[in-house]
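Student: Please find one structure pasted underneath; my questions will follow.
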Amino acid sequence: MLATRLSPHLLKLTKTCPAIHRQFVPSSCEEKEEGQASADPLLEEQHTVVRGLVHKYPNRVLVLLTMNCAAYCRFCTRRRKVSDIEKGFLTDKDLGAMAAYIKKHPEVREVIFSGGDPLTVPVILKKAIKKIAALPQIKIVRVGSRLPVSDPKKVNTAVINALKGVKNKPLYIMLNFEHPREITPETVKAVAKLQKVAAGLFSQSIFLKGVNDSANVLYELFSRLLEVGVKPYYIFRCDLVKGAEHFLVDFKTEVKIFTELRHRLSGLACPMYVIDTPHGSGKIPVPTNDWEFDHDHYQDFAGQKQKVR
């Protein structure tokens with residue numbers, strides 16, 4: 001069971017916004033599991049090559065820097081391990097093993113720091129950037145975080161100084177936003193701090209039932225993000241993860257909503273709508289209803305036919 005954690009910032013928002021309450025406060029729905037759901041739908045454990053290092057795509061690696069966050073999203077794909085204090089944080093030994101593995105794989109040119117939330121552990125992030133991001137073969141650095149939403153005041157000097165450790169290569173920061181009410185004045189200030197050290201800020205969102213399964217809500221979210229300097233990048237179909245099945249939106253409803261968004265939003269404000277394929281075989285773009293297509297099946301990067309779940 002995913003633990004409960006709320007920052008004071010989010011606690012206030014949950015009392016006034018049902019959509020934010022649904023994202024962060026546990027419900028009995030988490031105990032109702034569907035047979036098709038998986039604890040690890042993207043097979044990250046299978047692709048873990050050393051502790052904390054996931055190598056699923058040839059040219060990039062994922063570093064799970066910590067299993068903790070400032071607040072825990074109830075729909076988290078990694079709810080099987082996020083919030084597990086015993087799994088804790090990466091050690092210097094772990095970082096050394098990661099660097100050694102990457103050096104043996106020159107095809108790896110990009111590193112993605114995630115977790116948990118890597119911005120919650122700036123001391124470890126600073127070490128990881130020095131040990132891994134500084135490798136000559138690494139040309140691109142990404143950091144994924146929800147800290148500007150979950151606890152914006154913690155985007156502090158220590159965090160910014162850690163990120164400044166990325167030298168002579170672009171740093172892209174990927175921020176998770178699900179609802180326009182998350183874009184508070186405090187969050188906008190945190191975003192502005194990150195803009196000073198990043199080559200670009202991008203957002204990732206997930207279709208969530210009862211949170212943002214509305215064209216108007218997402219129109220406001222993506223429009224507002226662009227206004228504060230965050231480019232909407234991806235909107236995902238929710239992973240079929242155990243304990244989060246109640247967040248799943250009907251697929252045809254998602255396509256209808258996204259089709260309307262594509263008609264209303266500028267190209268700059270509109271993200272790419274994708275399914276992160278079960279079994280880890282790629283992020284597959286979903287067409288709009290401007291095309292005739294099979295709403296029940298698609299083909300993944302491995303050429304396998306998959307049924308939409």
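Any read-out appearing in this document is the output of simple, stated calculations on the displayed coordinates, not a laboratory observation. Computed from a predicted structure; not experimentally measured. Cβ placement follows ideal geometry from the backbone for every residue including glycine, while neighbour counts extend to all protein chains displayed.
Student: How much mean residue ellipticity at 222 nm does the chain get from its helices, if each DSSP H run of length 4 or more adds -39500 (n - 2.57) and you divide by all residues, to the nearest 500 deg cm²/dmol?
Tutor: Values: 9 runs with 84 residues, N = 309.
Result for the chain, helices only: -8000 deg cm²/dmol.
Student: Moving to a separate point now. Please list, by residue number, every one of the GluC sites (Glu not before Pro) in segment 236-309 that is coil in DSSP and has at most 15 other beta-carbon atoms within 10 Å.
Tutor: Answer by residue number: E292.
Student: Dipole size in debye (nearest 20) for segment 8-151 around its Cα centre, Lys and Arg Cβ +1, Asp and Glu Cβ -1? Let's see the in-between values first.
Tutor: Numbers: 24 positive and 15 negative charges, 119 e Å.
Dipole magnitude for segment 8-151 comes out near 580 debye.
Student: Which loop trypsin sites (Lys or Arg not before Pro) in segment 61-115, with loop taken from DSSP, have no more than 11 other Cβ atoms within 10 angstrom of their Cβ? Show your work: numbers first, answer last.
Tutor: Numbers: sites: R74, R78, R79, R80, K81, K87, K93, K103, K104, R109; in loops: R74, R78, R79, R80, K81, K87, K104, R109.
Sparse-neighbourhood loop trypsin sites (Lys or Arg not before Pro): K104.
Student: Between segment 101-122 and segment 248-266, how many Å separate their Cα centres?
Tutor: 32
Student: While we're here: Roughly how many debye, to the nearest 20, is the charge dipole of segment 8-307 about its Cα centre, given +1 on each Lys and Arg Cβ, -1 on each Asp and Glu Cβ, and no other charges?
Tutor: On the way: 45 positive and 32 negative charges, 318 e Å.
I would put it at about 1520 debye.
Student: Could you list, in their original order, any pairs among K93/K164; K12/K196; K104/K131; K56/K103; K126/K153 whose Cα atoms are separated by more than 21 Å?
Tutor: Values: K93/K164 23 Å; K12/K196 28 Å; K104/K131 15 Å; K56/K103 16 Å; K126/K153 19 Å.
Where the Cα-Cα span goes over 21 Å, the pairs concerned are K93/K164; K12/K196.
Student: Treat each spin label as a single point 7 Å out from the Cα along the C-beta direction, and report the K252 to Q304 distance in nm.
Tutor: About 2.7 nm separates the two model spin labels.
Student: So which chymotrypsin sites (Phe, Trp or Tyr not before Pro) in segment 204-241 are both in a DSSP loop and have at most 11 other Cβ atoms within 10 Å of their Cβ?
Tutor: On the way: sites: F207, Y219, F222, Y233, Y234, F236; in loops: F207.
When the chymotrypsin sites (Phe, Trp or Tyr not before Pro) of segment 204-241 are filtered for loop state and at most 11 Cβ neighbours within 10 Å, nothing remains.
Student: Which of the aspartates and glutamates could a cross-linker span from K193 if the Cα-Cα distance has to be under 18 Å and same-chain partners fewer than 8 positions apart are dropped?
Tutor: Cross-link targets: D117, D151, E182, E227.
Student: Given a cut-off of under 8 Å on Cα pairs at least six residues apart, what relative contact order in percent is computed for segment 8-307? Mind showing how you got there, number by number?
Tutor: Details: 562 pairs, mean separation 52.7, N = 300.
The normalised contact order for segment 8-307 reaches 18 percent.
Student: Additional query: Give me the distance between the Cα centres of segment 174-218 and segment 22-68, rounded to whole Å.
Tutor: So the two Cα centres are separated by 21 Å.
Student: May I ask for log10 I(q)/I(0) of segment 8-307 at q = 0.07, 0.08 Å⁻¹, from a Debye sum over the Cα atoms as equal point scatterers with solvent left out?
Tutor: -0.25, -0.34
Student: Mind checking the dipole of segment 188-309: about its Cα centre, +1 per Lys or Arg Cβ, -1 per Asp or Glu Cβ, Debye to the nearest 20? Kindly include the intermediate steps, with their values, before the conclusion.
Tutor: Values: 16 positive and 14 negative charges, 107 e Å.
In total the dipole reaches around 520 debye.
Student: H263: net charge of surrounding residues, Cβ under 13 Å, Lys/Arg +1, Asp/Glu -1, itself excluded? Mind showing how you got there, number by number?
Tutor: Numbers: positive: K256, R262, R264; negative: E260, D290.
My count for the surroundings of H263 gives +1.
Student: Among S114, F247, T14, whose Cα projects farthest towards the positive end of the dipole of segment 8-307, with charges put on the beta-carbon of Lys, Arg (+1) and Asp, Glu (-1)?
Tutor: Result: S114.
Student: Using a simple spin-label model with points 7 Å from Cα along the Cα→Cβ vector, what separation in nm is obtained for A100 and M272?
Tutor: 3.5
Student: Same structure, new question: Choose one of A269, T4, L90: the residue whose Cα lies farthest towards the positive end of the charge dipole of the chain (beta-carbon charges +1 Lys, Arg; -1 Asp, Glu; about the Cα centre).
Tutor: Sorting the options by dipole projection puts first L90.
Student: Per 0.36 nm of contour for each residue apart, how much would the distance between S28 and A192 grow if the chain were fully extended, relative to their Cα-Cα spacing? Don't jump to the answer; show the numbers that get you there.
Tutor: Details: separation 164, 0.36 × 164 = 59.04 nm, distance 3.75 nm.
Gain in length upon complete extension: 55.3 nm.
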